[in-house]
Each structure stands twice: as structure tokens, then as C-alpha cells.
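Structure first, commentary second.
Please treat every number below as a calculation from the coordinates, not as lab data. The shown structure was predicted, so the numbers you read here are calculated from the model rather than taken from an experiment. For neighbour counting, all protein chains shown are included, and Cβ atoms are generated from backbone atoms with ideal geometry for every residue, glycine included.
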Amino acid sequence: MSDAKNLLFLPGDGIGPEVMGQVRKIIDWLTKNRSVNFNITEGLVGGACYEAHKCAVTDETVADAMAADAVMLGAVGGPKWDNVERHARPEAGLLRLRKEMDLFANLRPAMVFDALVDASTLKDEVVRGLDILIMRELTSGVYFGEPRGVEDLPGGGRKGFDTQVYTDAEIIRAAHVAFDLAKKRGNKVHSVEKANVMESGKFWREVVTKLHAEEYADVQLEHMYADNCAMQLVRNPKQFDVILTDNLFGDLLSDCAAMLTGSLGMLPSASLSGKDENGKVRAMYEPVHGSAPDIAGQDLANPLATILSFSMCLRYSFDMGAEADLLDQGVQNVLNAGIRTGDIMQAGMQQVGCAAMGDALIAEL
Ligand code: NAI
Ligand code: MG
């Protein structure tokens, strides 16, 4: 048996527990068939935590998340908690975890499965086989920079302003993640900013160039302006492997890249910290979608986004690339076999529920 992998499970609300239940099946399968030893703790987050403790996450759960090798989260929120005071709202639990774990690296892959190529609004040949990864810096930049505000102007009129600030340390830690990920993938990084018109963009390019020369000369690096990147993403997305970018541009470009694939129920994500003094990276994996209250509790949810998030967990936190590949291939095979949940249903395919999709994947493995 390999060392135990300490995993914190936070199913959350709505379809969260349903989709996370399918990940449990995979963990059981891996334990049985791959001799992997998982040590799973389960905690409450979001509305589920509010019901028990009148807060969105407890100090104890935050401490568990900090100590775990990785956190798997379902989704939080729902109409039931719409009128809860702001600090105790379900989203506040998620934000607190991200902040305390210092998860500055937000990874959103955009993958197109052959069987779902029709779900994209783009032409078949443009998106078929697409597999790119956006590395968005999540805890700095213009969403956090000071000064910010709205003020009266001395001569009358008013102004609103934000400030884009990045320190070299913030750029370097984001770039490390992007280069390290590229090494495990297609070995290519596009660093995206607006060095032509922004001082902080010029600085970003300078810092990334220096880090690349010193530590990652074997990885292919290209610099690209953000507006061009937006255009290239819809013109020829397959030219990219890893896109490294700041908080604001990453917000826009990751939504754009997500829609190349056309399907919310299929999109995974990872959020990572830097290395701590022991070389450990804190990590949280979750589907991009929310708690889907409209279909919760009806066994209708697509668990594949959460399962693909777990595949990222295997790959990035547990160094289990072979098992991650197996899982990704399993998802592909299930789709190729025509098995679909309602959200990705197409004519002539076989519609199944959430649990049956999980079972079909296990059968495939
Ligand atoms: P949503 O992603 O929950 O749902 C949007 C639509 O997509 C719904 O029609 C839903 O049924 C469908 N959908 C989503 N995931 C699906 C899946 N796995 N399988 C099949 N269909 C799926 O977004 P919405 O409706 O805006 O928000 C609902 C609640 O979720 C809100 O309380 C919101 O705050 C919360 N939320 C939580 C997030 C998180 O936990 N990270 C992210 C986004 C929203
Ligand atoms: Mg956004």
C-alpha cells in the first residue's frame, strides 16, 4: 500500500452530495483495484453547515482543509438560504476556504470530448480533441488592488477607479504553477497580458521571461496580448496548451474557453496554493457548476464535472497520473457508448440518472 492520501470531502448543498457520491464509488474502486489508501474525512460547508452551526463553514473544517492533502467540494447554495445574513451565506464558506487556504492558482481546463463535439457552438474541426488549461491568478490584481473607490471630483463630476497591482512574488508563484503544469502536459505556456498598454503588464512579461530563462528554459514560452488571446481562443484554440494570466483577463478568458466545450455539467476546476515550508501544495477541486436546486434530489445531475475534478486531484495532488488518465478515458468511453445525463442528452442516446452514470463509469473502469 502506498501512503494514505488524506482527502477532505465537502459535499455541500443541492446536487453536491449526489455528484460527490459518484466520486465515492471511484474511490472504492481505486482502493480495491489499485491498492490506493484513501483516508477520507467528511465535513459540512454552505447551507448544510448553516443548518447545523449557523455559519457557512466552521473553524474546525477550515483547519481540516488546511491539513488535508486535498479537498473535494460539491457545490454550495440554494434558495433556502437566500435571506441568511451575508457573513453566514453559503458562498461565504467557499470564499473563506479559498482565502484561508491562499488558493491563488485557479485552473480551468477546457476539454472537448469527441462524443460531445456537437455541444460546442464552434465548428467540429476547430474544437475536436481540444484540451487546454487556463491558469488564472485568483487572489490579486485589479479585483483587490488599492486604491479603489468612487469619489467626487473637485471641479464637479465624479470618478470611479480600481488599481491593477501585481508584485513580482505574486507573478512568480502563478508562473511556477503554469510552467510545472505545462511540463506534465504539452510543455507550452502562453503568458497573457497587455504589456503594450499597461505598466503592470510590461512588468508581468519581464518577470515571467526572467523566471522562464532561469528555471524553465525547456518549456516553450510565448507572450500574447489578452485581446489577441480572446480572438485566438475562438479562431484556433488548439494552438494553446497552458494559458497563464492575471485575475481579470483570466476571468474573461476562462469563461470564453469554457464555452468552447459547450457544457456546464462537464467542466472541472482546481484551485491551488503555493508550496508551504514542507513543499506541500494546498488544493481544492470542484465542478464549475453550482448546486442546481432545480434538479436537486431527483437523481438527474451530471456527475462528470465532479468526477473530472477528482481526476485533476489524482493528477495534481496525488501524483497519480496513470489513474487520472484511466478515469478520463473511462469518461470518454461512457460518452462514446451513448450514455448521457439529461443536460447532455442527444437524440438516439441512452438517458440515465446521476447514480447510473456513476455505475456506468465504474463498469467502464
Ligand atoms: P447552477 O450551475 O447551479 O445551475 C445552472 C443550470 O445548469 C441549472 O439549470 C442546472 O440544473 C444546470 N446544471 C448545473 N449543474 C448541472 C449538472 N451537474 N448536471 C445537470 N445540470 C446541471 O447555477 P445557478 O442556477 O446560477 O445557481 C444555483 C445555486 O448554486 C445558487 O445558490 C448559486 O449561488 C450556487 N452556485 C454555487 C457555486 C459553487 O458552489 N461553486 C457556483 C455557482 C453557483
Ligand atoms: Mg466569471
I'd like the antiparallel share, as a percent to the nearest 5, of DSSP beta bridges with both residues in the chain. 40
Residues of type aspartates and glutamates that Lys275 reaches as a straight line, Cα spacing below 14 Å, ignoring anything fewer than 8 places off in the same chain: Asp69, Asp102, Glu170, Asp180
For the stretch 1-128: relative contact order, % (alpha-carbon pairs under 8 angstrom, 6 or more apart): 29
If you take the alpha carbon radius of gyration of the stretch 121-261 and divide it by 2.2 N^0.38 Å, what ratio comes out, to two decimals? 1.16
On full extension of the chain, what length is gained from Ser35 through Met198, given 0.36 nm per residue of separation minus the C-alpha to C-alpha distance? 53.5 nm
Out of the GluC sites (Glu not before Pro) in the stretch 212-308, which ones are loop residues according to DSSP with at most 11 other C-beta atoms within 10 Å? Glu277
Chain lengthening between Val234 and Phe161 when straightened (0.36 nm per residue, less Cα-Cα): 23.2 nm
Relative contact order of the stretch 222-365, defined on C-alpha pairs under 8 angstrom at six or more residues apart (%): 19
Report the extension gain between Arg86 and Glu215 in nm, rounded to one decimal, defined as 0.36 nm multiplied by the number of residues separating them, less their alpha carbon distance. 42.0 nm
Name the lysines eligible as straight-distance cross-link partners of Lys159: C-alpha to C-alpha under 24 Å, and not fewer than 8 places from it in the same chain. Lys194
In whole angstrom, how long is each semi-axis of the equivalent ellipsoid of the chain, when you take the square root of 5 times every eigenvalue of its Cα gyration tensor and sort them from largest down? 32, 26, 22
Can you compute the FRET efficiency between Ala356 and Gln329 using 1/(1 + (r/R0)^6), with r the Cβ-Cβ distance and R0 = 22 Å? Round to the nearest 0.05. 0.65
Mean separation of Cα contacts under 8 Å, 6 or more apart, over the residue count of the chain: relative contact order %: 21
For the chain, what does the helix formula give at 222 nm: sum of -39500 (n - 2.57) over DSSP H segments with n ≥ 4, over the residue count, nearest 500 deg cm²/dmol? -12500 deg cm²/dmol
So for the pair Ala347, Asp294, with labels modelled 7 Å out along Cα→Cβ, what separation do we get in nm? 2.3
Among the lysines, which fall within straight-line cross-link reach of Lys280, defined as a Cα-Cα distance under 20 Å, with same-chain neighbours fewer than 8 residues apart omitted? Lys5, Lys99, Lys183, Lys184
Return the FRET efficiency for the residue pair Arg185, Glu277: r is the Cβ-Cβ distance, R0 is 22 Å, and the value is rounded to the nearest 0.05. 0.20
